[in-house]
1. Once you place label points 7 Å from the Cα toward the Cβ at residue 124 and residue 193, how far apart are they in nm?
2. At residue 52 and residue 72, where each label point lies 7 Å from the Cα along Cα→Cβ, what is the point-to-point distance in nanometres?
3. Measuring from label point to label point, each 7 Å out along Cα→Cβ, what is the residue 83 to residue 167 span in nm?
4. Percent relative contact order of segment 108-188, based on C-alpha pairs within less than 8 angstrom and at least six residues apart?
5. Where q = 0.23 Å⁻¹, what log10 of I(q)/I(0) comes from the Debye formula for segment 100-186, counting one point per Cα?
6. When the Cα centres of segment 91-105 and segment 133-207 are compared, how far apart do they sit, in Å?
7. Kindly rank 184-190, 115-121 from highest to lowest mean number of other beta carbons found within 10 Å of each residue.
């Protein structure tokens, strides 16, 4: 399973904004973007590059990849699927990304970041519709129920969640007492708060 293993904070600094890749740390004073708000590398502070139209499109694609924790081939495959589906390609792309299993676990509040959600999924802490599922890229659909496995409910991580008030998107419901959530509808564009200008990604891949 391919994954990014280098420092996460470097990605945020390269994009010049918080991508919330490290959960609670991103909200603290330890956040790298707060402490060093310039591009990484030896010449990060002095680099002044004129941004072209292609550069804007490329940065938007890179930002989207990093938000959802994908590598280039994975992201391109999602774009190709979105382009073949009826509707707006950019919106289809975001729906595919939002309904990945690891992202839904994050949206349900069972993980503090998408990276942590991916780890929890691969470590077999969840079921989907009562069946074992440990593939982060598994695509969820309307009506699917995600539940923390019974043997995992006693861990400190999930015991804490029972006492939390979780804010979720309108297309998801969560029962913290039962440690389960449900995809009640497929997300609409206005319900996806990830700051991505998807039309720039479509323009990039359409060249």
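1. Placing both labels 7 Å beyond Cα along the Cβ direction yields 3.5 nm.
2. Rounded to a tenth, the inter-label distance reads 1.7 nm.
3. Using points 7 Å along Cα→Cβ, the separation is 3.7 nm.
4. 31
5. Scattering profile of segment 100-186, log10 relative to I(0): -1.17.
6. Value for the Cα centre distance between the two parts: 8 Å.
7. The densest-packed peptide leads the list: 115-121, 184-190.
Only the coordinates and a few stated rules stand behind these numbers; no lab work does. Fair warning: this is a prediction, and the values are worked out from it, not measured in the lab. Methodologically, a virtual Cβ is constructed for each residue, glycine included, from the backbone with ideal geometry; neighbour enumeration extends over all protein chains shown.
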